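Working notes for the structure below.
The values are calculated or read from the model by the stated rules, or taken from the named source; none is laboratory data. Just so you know, these numbers come straight off a predicted model, no measurement behind them. No Cβ is skipped: glycine too gets one built from the backbone with ideal geometry, and neighbour counts run over all protein chains shown. Calculation scope for accessible area: heavy atoms of the full protein, side chains included, ligands and nucleic acids excluded. Shrake-Rupley method; radii C 1.70, N 1.55, O 1.52, S 1.80 Å.
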Amino acid sequence: MSLKLILIVGLVTSSLLQLTISHRYKPTEFRQFFDKVDNDDTDYSREEADGYEECEDFVNLPENVIVDEDDVIDVGQMTAPNGQHHLMGQHKAKPLEQICAKYKCPEFRQEDSPGCGFKTTVFPGGYWIFTTVDTSSPKGFREAYKRLHGYRSGRTNDRGVKMAFVVPVIEFKWFNPKDPSKVALDRMAFNIPAKYQDDWPASTDPAVQVLPLNETILYSRTYGGYREDQGFQDQFALLKTALERAGITPFPFLKITAAFTHHGFGRQRVEAVLADITSITF
């Protein structure tokens, strides 16, 4: 093959490759990603899973998603520890009804929302165990979880009492009012089971405190995926937009993440939460 022919073939191949790449990774509009990654073996709708009616203009199937003839999204090289690789992308979330049938859940009360794109929940007052997340450490979140688990398991409470696991695991991120891009305080919390709400054991770990929270109105969006996903972080902006349309002002310097499922195993549920400014009493 001549050098000239090699160069021509190379240029054509390069052009085709660039065309393919530019199509596959074309930037998308900032909207909620409704995918078809479920291989849908569920007997509930996305609206039933989310707990609210989605806003029509939040729904978008981006052009950079590759869908095969069976309507299954290509999630690349991602793998799940339980073999459920199709759940590594965003998927239909696990319903609260199923989660609370397996684990303990606080007696929260869901109310009708005045608009689309979010659900409204009245979270009961009560005692929670708290610890601070070290945001400077890549293991900070995991270490915080282990400290709270130590209290719940009885290893670091003064009675050695093992308590039931109550979901969700809550992360409160407080932002600096002078610079809202910076996290001023990051705390993780477990709810103390109802059995111990009036007589909870003391913590023997100085990094774990038992503190009360008052009843609070919370607004949230449901995400089938992981808190580390950019898609999950986008839910806060969508939630703020939905609330503004409904004439609701959330507390501006607090973002709450509520995780309901075991990270990395099966169908997930994590919620992006903002608190009503009129009821914030932390």
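Things worth noting here:
- Per this entry, Trp174 is not counted among residues that are open to solvent by less than 30 Å² (accessible area, probe 1.4 Å) and either modelled with pLDDT of 95 or more or not in a loop (DSSP other than H, G, I, E, B) (or both).
- Filtered residues of the stretch 140-165 (kept if within 26 Å of Ala101 (Cα to Cα) and not in a helix (DSSP H, G or I)): Gly154, Val161, Lys162, Met163, Ala164, Phe165
- Hits in the stretch 50-67 (condition: part of a loop (DSSP other than H, G, I, E, B), at pLDDT below 50 and open to solvent by 50 Å² or more (accessible area, probe 1.4 Å)): Leu61, Glu63, Asn64, Ile66
- Residues satisfying the stated conditions in the stretch 144-171, i.e. surrounded by fewer than 17 Cβ atoms within 10 Å (Cβ to Cβ) and in contact with a strand residue (DSSP E or B) (Cβ under 6 Å, 6 or more places away or on another chain): Ala164
- Evaluating Leu185 against the criteria (1) open to solvent by 20 Å² or more (accessible area, probe 1.4 Å); (2) not basic (Lys, Arg); (3) not in a strand (DSSP E or B) leaves one unmet condition, (3).
- Those strands (runs of 3 or more DSSP E) of the stretch 205-279 in which 1 or more residues are open to solvent by less than 50 Å² (accessible area, probe 1.4 Å), of a type in the set (Phe, Trp, Tyr) and under 18 Å from Cys105 (Cα atoms) occupy 216-223.
- Considering residues of the stretch 190-201 that are among the hydrophobic types (A, V, I, L, M, F, W, C) and open to solvent by less than 40 Å² (accessible area, probe 1.4 Å) only, the residue farthest from the chain's Cα centre (by Cα): Ile192
- Verdict on Thr222 being under 23 Å from Thr131 (Cβ atoms), of a type in the set (Ser, Thr, Tyr) and touching a strand residue (DSSP E or B) at 6+ places or on another chain (Cβ under 8 Å): no
- Residues of the stretch 152-178 that are among the small types (Gly, Ala, Ser) and under 12 Å from Tyr196 (Cα atoms): Ala164 alone.
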